[in-house]
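One structure is given here, and the rest of the page talks about it.
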Amino acid sequence: MDAGKLSDLTDVPQRFIVSLVSGDFKNLPSEPYIRGYLFKVAGVLDADPNFLWRSFRQSSEIHSSGSADLLPANRFSLQRISSKKVWIVFIVLIVLGFLGFRVDSILGMPTLDVTLPETTTSQTINVTGKVNPGDTLTLNNEVVYPDERGQFEKEVQLETGLNTLEFRAKRFLGRETRIVKQVFYQPQ
């Protein structure tokens, strides 16, 4: 049976039948299509479709790698890394290490500890406490400067009755801790 008649009976394109018969596997579609075409041809020729498929697979397999499929000569050799890349990686690691150690002081909540009496008979009191040295501290919206260890001390004038003192410790990126304390001043 010629390729044209077989193509008409199976609806398989004639060029694919010619390629199958001549062994020109480069001009064939992918294997799922070829398998379907072989099953259609086997149905018309009353042949075993699995036998045709196995025969095609055995004849189309590559048995050697060939001269064009060579491994590179430097396959297992160490590749040279440019000094620029080494410096970039080194700098990135230093920056990440610095940020890793400083993440709490940059992103965390500020800590604030304040000591003052609840009642007093003195018009001025000495407010003391501790804050992280890098944080900004305010007492009733007035900046208080701590020393290098974070200790602070501030003298506050009180009015008769209940006095409210608002402390705010603010971090570099805006996180804030707020403490409100009240002191009752009763003159003698």
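All of the numbers you see were taken from the coordinates with simple rules; none came from a lab. All of these numbers come straight from a predicted model, not from anything done at the bench. Every residue, glycine among them, receives a Cβ derived from its backbone with ideal geometry; neighbour counts consider all protein chains shown.
On a full-extension model of 0.36 nm per residue, what is the gain between Phe172 and Val18, subtracting their alpha-carbon distance, rounded to one decimal in nm?
Working: separation 154, 0.36 × 154 = 55.44 nm, distance 7.70 nm.
Taking Phe172 through Val18 to full extension adds about 47.7 nm, to one decimal.
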Check your understanding: Relative contact order (percent) for the chain, with alpha-carbon contacts under 8 angstrom and 6 or more residues of separation?
Key -> 15
Practice item. Within 10 Å, count the other beta carbons around each residue, average over each peptide in 85-97, 144-156, and list them highest first. Key: 144-156, 85-97
Point to revise | Extension gain, Asn140 back to Ala47 (0.36 nm per residue minus Cα-Cα distance, nm) | key: 23.7 nm
**Study point:** In sequence order, calculated HN-Hα J values of the range 114-131 (Karplus, 6.51, -1.76, 1.60; Hz; x Gly/Pro)
**Key:** 10, 10, 7, x, 7, 9, 8, 10, 9, 6, 10, 10, 9, 8, 10, x, 9, 9
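Using just the Cα positions, wrap the chain in a convex hull and report its mean projected area in square nanometres, one decimal place. All intermediate terms of the calculation are to be shown ahead of the outcome.
Working: hull surface 103.3 nm².
Taking the Cα atoms of the chain, their convex hull projects to 25.8 nm² on average.
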Revision key, fill the gap. Expressed in angstrom and ordered largest first, the alpha-carbon extents of the range 3-60 along the principal axes are 25, 23, 18
Review point. How many nm separate the modelled label positions at Val95 and Glu153, each set 7 Å beyond the Cα in the direction of the Cβ?
Key: 4.3
Exercise for review: In Å and from the alpha-carbon atoms only, list the Rg and Dmax of the range 112-185.
Suggested key: 12.4, 40
Practice item. Only helices at least 20 Å long along their axis, Cα-based, and averaging -0.5 or more on Kyte-Doolittle count here, so list those DSSP H runs from the chain. Key: 31-45, 83-107
Review point. If the chain between Ile179 and Thr164 were fully stretched, how many nm would it gain, using 0.36 nm times the residue separation less the Cα-Cα distance?
Key: 4.4 nm
Check your understanding: Helix-derived [θ] at 222 nm for the chain: sum -39500 (n - 2.57) over DSSP H runs of at least 4, divide by residue count, nearest 500?
Key -> -12000 deg cm²/dmol
